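The values are calculated or read from the model by the stated rules, or taken from the named source; none is laboratory data. Quantities reported herein were computed from a predicted structural model and do not represent experimental measurements. For neighbour counting, all protein chains shown are included, and Cβ atoms are generated from backbone atoms with ideal geometry for every residue, glycine included. Side chains included, ligands, DNA and RNA excluded: accessible areas come from the protein's heavy atoms. Shrake-Rupley method; radii C 1.70, N 1.55, O 1.52, S 1.80 Å.
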Amino acid sequence: MYMRHALPVRRARLWPRTLGHLTATLVLAAIILLTLETVHAVNDPWVGTTERLAALKLPVLAVSGLAVWGFVGLLHALTGRLWLTTGLALAGTAFIAFADFFKMEFRSEPLFPTDATYLKEAGLLADSLGAGMVAALFGGLVVIVAVPWGVSRLLRWVRRRQGEGQAPTTARAAAPRGRALALRTGLGVAAGLVAFTAVTFNQDGNVLRRAYDEAGVYWAPWSQLDNYAKNGFVAAVLYNLPATAMDEPEGYGPEAMGELVARYRTAATAINATRDPAALADTNIVLVLAESVTDPTILQGVAPSEDPLPHLRELMSGNTSGDLLVSGYGGGTANVEFETLTGLAMANYQAQVHSAFQMLVAQRDSFPSHLARFPDHASLTIHPYVASFYRREVVYPVFGFERSEFINDMGHTEKIESDRYVSDAALYAEVMDELRASDRPLVVNAVAMQNHGPQTGYAEPIEAEGPFSGAQAEQVGQYLRGLKYSDEALAQLVADLEEFEERTIVLFYGDHNVPIWPQSVLDQNPPQAQFTTPWVVFANFDTFEVDPGAQVTPNLLLNQLVTAAGAPVTPLEALLTALQEEVPALGTSMVLDPSGRIAETEDQLSPRARELLADYRLAQYDLTVGEGYAADALYAVPPVG
């Protein structure tokens, strides 16, 4: 009797069980969505968590839930086990939520899809989080996976005790199993299609993106912090998946680029009439990206007990120098470096391009850079950290650098006290050794690591008054002491270069602020303050002291060096020279007009500014996305006569 009636019973249970699993995956997707949105809203910079969640549009959340279900359903189809799907999905959710919380807490920036590349930098992540937190995180993930497994085993044991779950031995049982597999496969295909539309979100005609648009989504390409806040974490993550770097400008083509080159070659020739063609011919050029070097004394509400940067301040007072507007707070080093090396602006790219090094340069065999204007120089990069960080071991040769030194290649790797990173003093000693050893003029791109967070390791922090908790006061004190050491190292570099017989000119600039300042301090200062770092051009020979006027962005930095040296400019630099007069700061965080005021829209800029921006974007499209019609001409100094 059992053999006769087992098959119909299993058939009767097949559909309810399948629907039960579908319902379970939908509920799991809803839990994941609610978790991610809530954790992100905790660090909302404008309103409270409850208010932010209540402001999210339900139709938008519904589309986000569908996108999450696509991945959950696909995972369940692949594993065939609800407990395993639950454990893996919740563990992944916990990991993503933790990463977003940590990044928002310490960098005031949401988690982007491209941040997955940081998983390769386990050492840096462990240093940033601390060994205890890393152990707790992975221990928690194991527990999250283990609990559903344990529950599933318990339920199976209970069913067996009740006489259920014993499969019939007849061959006819294969038929229900086959139908169950077919149903699971069907659900998997449906979920896979949803997941596919999610990962191809930024392709033309994407169905999921159209669903978001119809749901009333509010895309904010100018501010990803706003984008995540208004649309929710899941929608904003999808928006920030890879996309075309730039839309093709109207009229782009070889004729348009030929006209642009001719226009700015003429402008360059006019500028070069008063410049010395040999100003940089036999001159070493050193670019120093100073990790996390800012001037805390400009912040209202912060009063250090001593000046951490007396030497830099003196150096700036007697040389071409100014304030740099960077786009990142607590990070974004590689984007600042990219703008400095290329003269191109991250603000011209789509919002989805978070890291030009990883998303653009590393995908090419060659990429245009200012290095092309120094064809007779040897070239070198020095970075006292691992080669894979921001894929620099790939990026630097693509820019045209002949050699790269990373921490394992350097002769000087000394650290200060208990700090975990190679000191600025060691980096500068390495630079001097390379300058002395080179038999050709040398271009050196030196990227520091001292002062990289977290700020720890010094026995005598510099005290500062401000609205700090005990932990914040310790961080601030550590940071100030690190700046003091950096300042002393810079003074030694200046002294070494003064005794060096070869002509050498240096561009020194900070890459970003540190995310240690309480919100109460940031609220006392203008928006630019948290995005401001110092820069200075100095040399061991006489230079022209140039007033840069308003705050500039990194894409204009090499122009300052060229101008201070009295050297001729390229057509691209002529375009940047004109742009500086109208739009001195073109950042992803904000745009400044010549008076230093924030321009909320381009309509607030002058007609001349808008014309120059159109030319600039046309050139940048050609150089990085288009056919490269003008790549050689834009980075070459026009011949005299």
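Some observations on this one:
- On the stretch given as the range 236-257, residues that are among the small types (Gly, Ala, Ser) and open to solvent by 30 Å² or more (accessible area, probe 1.4 Å) total 2.
- Residue list for the range 437-481, filter: in contact (Cβ under 8 Å) with a residue 24 or more places away in the chain, within 16 Å of SER305 (Cβ to Cβ) and not in a loop (DSSP other than H, G, I, E, B): ALA464, GLU465, GLN472, GLN475, VAL476, TYR479, LEU480, ARG481
- Selection from the range 569-581 of residues that are surrounded by 21 or more Cβ atoms within 10 Å (Cβ to Cβ) and either of a type in the set (Ser, Thr, Tyr) or closer than 24 Å to LEU497 by Cβ (or both): THR570
- Qualifying residue in the range 285-305 (condition: without any contact (Cβ under 8 Å) to a residue 40 or more places away in the chain, part of a loop (DSSP other than H, G, I, E, B) and open to solvent by 40 Å² or more (accessible area, probe 1.4 Å)): no
- Listed by first and then second residue, the pairs linking a residue in the range 624-637 that is modelled with pLDDT of 95 or more and assigned to a helix (DSSP H, G or I) to a residue that is open to solvent by 40 Å² or more (accessible area, probe 1.4 Å) and not aliphatic (A, V, I, L, M), with Cβ atoms under 8 Å apart and 6 or more places separating them unless they lie on different chains, are ALA633/ARG265.
- Taken over the range 591-614, residues that are open to solvent by less than 20 Å² (accessible area, probe 1.4 Å) and either at positive phi or in contact (Cβ under 8 Å) with a residue 60 or more places away in the chain (or both) amount to 1.
- Counting only residues that are assigned to a helix (DSSP H, G or I), over 15 Å from SER366 (Cβ atoms) and either touching a strand residue (DSSP E or B) at 6+ places or on another chain (Cβ under 8 Å) or open to solvent by less than 60 Å² (accessible area, probe 1.4 Å) (or both), the range 390-417 holds 4 of them.
- Of all residue pairs spaced 6 or more apart or on separate chains, those with beta-carbon atoms under 6 Å, a first member in the range 262-275 that is touching a residue at least 60 places away in the same chain (Cβ under 8 Å) and more than 13 Å from ASN559 (Cβ to Cβ) and a second member that is not β-branched (Val, Ile, Thr) and not in a helix (DSSP H, G or I) are ARG265/PRO638; THR269/PRO638; ASN272/PRO568.
- Residues in the range 33-66 that are among the acidic types (Asp, Glu) and at pLDDT 95 or above: GLU37 alone.
- Any chance SER327 is over 15 Å from the mean Cα position of the chain (by Cα) and either modelled with pLDDT under 95 or open to solvent by less than 30 Å² (accessible area, probe 1.4 Å) (or both): no
- Test: THR588 is open to solvent by 10 Å² or more (accessible area, probe 1.4 Å), polar (S, T, N, Q) and part of a loop (DSSP other than H, G, I, E, B): yes
- Selection count, the range 224-235, where residues are open to solvent by 30 Å² or more (accessible area, probe 1.4 Å) and either touching a Leu at 6+ places or on another chain (Cβ under 6 Å) or not charged (D, E, K, R) (or both): 1
Residue by residue, here is whether (1) polar (S, T, N, Q); (2) over 22 Å from GLY328 (Cβ atoms) holds:
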| position | (1), (2) |
| --- | --- |
| ARG184 | no, yes |
| ALA191 | no, yes |
| ALA198 | no, yes |
| ASN206 | yes, yes |
| ALA211 | no, yes |
| GLN224 | yes, no |
| TYR228 | no, no |
| GLY232 | no, yes |
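- Comparison of PRO467, PRO454 shows that the only residue that is modelled with pLDDT under 95 and open to solvent by 20 Å² or more (accessible area, probe 1.4 Å) is PRO454.
- Residue in the range 119-128 that is at pLDDT 75 or above and touching a Ser or Thr at 6+ places or on another chain (Cβ under 8 Å) present: no
- Contact map, the range 362-382: first residue without any contact (Cβ under 8 Å) to a residue 40 or more places away in the chain, second residue in a strand (DSSP E or B) and of a type in the set (A, V, I, L, M, F, W, C), Cβ cut-off under 8 Å, separation 6 or more or different chains; the map is empty.
- Within the set ALA495, ALA550, the sole residue that is touching a Pro at 6+ places or on another chain (Cβ under 7 Å), hydrophobic (A, V, I, L, M, F, W, C) and open to solvent by 10 Å² or more (accessible area, probe 1.4 Å) turns out to be ALA550.
Residue-wise test of (1) modelled with pLDDT of 70 or more; (2) closer than 19 Å to LEU28 by Cα.
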residue	(1), (2)
ARG107	yes, no
THR114	yes, no
ALA131	no, no
VAL145	no, yes
THR169	no, no
ALA173	no, no
ALA190	yes, yes
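- Criterion applied to TRP83, TRP15, TRP69 was being surrounded by 17 or more Cβ atoms within 10 Å (Cβ to Cβ), over 27 Å from GLN350 (Cα atoms), at pLDDT below 90 and aromatic (Phe, Trp, Tyr), and the one residue passing it is TRP83.
- Test for ARG481: is it over 28 Å from the mean Cα position of the chain (by Cα), of a type in the set (Lys, Arg) and open to solvent by 10 Å² or more (accessible area, probe 1.4 Å): no
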